[in-house]
1. Which number in (1) part of a strand (DSSP E or B); (2) within 25 Å of Arg186 (Cβ to Cβ) marks the one condition that Gly54 misses?
2. Of the residues in the range 149-172, how many are in a loop (DSSP other than H, G, I, E, B) and surrounded by 11 or more Cβ atoms within 10 Å (Cβ to Cβ)?
3. Among (1) under 26 Å from Asn155 (Cβ atoms); (2) assigned to a loop (DSSP other than H, G, I, E, B); (3) touching a Ser or Thr at 6+ places or on another chain (Cβ under 9 Å); (4) not hydrophobic (A, V, I, L, M, F, W, C), which single condition is Thr43 missing?
4. Across the range 173-187, what is the number of residues that are under 24 Å from the mean Cα position of the chain (by Cα), assigned to a loop (DSSP other than H, G, I, E, B) and without any contact (Cβ under 8 Å) to a residue 60 or more places away in the chain?
5. Does any residue of the range 22-30 turn out to be free of Cβ contacts under 8 Å to residues at least 24 places away in the same chain, surrounded by 12 or more Cβ atoms within 10 Å (Cβ to Cβ) and outside any helix (DSSP H, G or I)?
6. Can you tell me which of (1) farther than 29 Å from Gly44 by Cβ; (2) out of contact with any strand residue (DSSP E or B) (no Cβ under 7 Å at 6 or more places or on another chain) is the one Met141 doesn't meet?
7. Since Gly54 meets every condition but one in (1) over 30 Å from Pro225 (Cα atoms); (2) surrounded by 15 or more Cβ atoms within 10 Å (Cβ to Cβ); (3) small (Gly, Ala, Ser), which condition does it not meet?
Amino acid sequence: MGKRLIQQRRGRGTPTYQAHSYRWIADVKHRPYDDIEKSGVVTGKVTSIVHCAGHSAPLAQIMYNNKETAYIMAPYGIKVNDEVASGAKAEPKPGNTLPLQHIPEGTLIYNLERKPADGGKMVRSAGTTATVVTVTKDQVMVLLPSKKEVPFSPNCRATIGVIAGGGRSEKPFVKAGKRHYLMRARGKLYPLTSGVAMNAVDHPFGCGRGRHVGKPKTVGQHAPPGAKVGKVRARRTGRRVK
């Protein structure tokens, strides 16, 4: 009898696939979108630059009004005791958070909200940034790191700058143990075995005659979990004809 596929086992939520979130510093998100931010500005000071295992970039601890603490993705060039601001009347400089309608065109941004006041869900990896392309009354066009232009609500907030830690992927792991602890901190299974290296009873791509799939990798949207491997719900396959 074969084993369950990884995508089948992951849904059970066993310790193998659970992230050690109790070790993480904090959840990174914007301040609550209150009346002060909508019409004014809230200033704060960077009290510390910390490392969190759950994030690829360093985090900056911000103290707002000497009583409210929050964490943001640290942008390039920020340091302890720097002042940052959040609100509609904040200055568009690195580390400040503004609604998209108040950010000039061509500005680099990150930690972008998909919906107003959701705290920031997009462009959060180390070294990444998006660009404000056009600003109109009804929508704001943003060029994402994937080179796609996506419209956003003018009330969605974003932080100015480029997230620090962009060169992290250039340094090799050298030892398998270092990558083991990185994947373990984020709840990822490591090492991963290729499907073509398994037996036929363990994976749809597995067989005993060489590392060759032997059939199309595309699979439909409504396929059962045991068959959802390869290119799931592919929009197109084959060579792109210009």
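1. That leaves (1) as the condition not met.
2. Selection size over the range 149-172: 9.
3. (2)
4. 1
5. For the range 22-30, residues free of Cβ contacts under 8 Å to residues at least 24 places away in the same chain, surrounded by 12 or more Cβ atoms within 10 Å (Cβ to Cβ) and outside any helix (DSSP H, G or I): absent.
6. Every condition holds for Met141 apart from (2).
7. (1)
For (1) β-branched (Val, Ile, Thr); (2) touching a residue at least 40 places away in the same chain (Cβ under 8 Å), each residue gets a yes or a no:
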| site | (1), (2) |
| --- | --- |
| Thr43 | yes, yes |
| Pro58 | no, yes |
| Asn66 | no, no |
| Ala74 | no, yes |
| Leu100 | no, yes |
| Asn111 | no, yes |
| Arg114 | no, yes |
| Val132 | yes, no |
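The values are calculated or read from the model by the stated rules, or taken from the named source; none is laboratory data. Since this is a predicted model, take the numbers as computed values, not measurements. Counting neighbours? That spans all protein chains shown, and the Cβs are built from the backbone with ideal geometry, glycine included.
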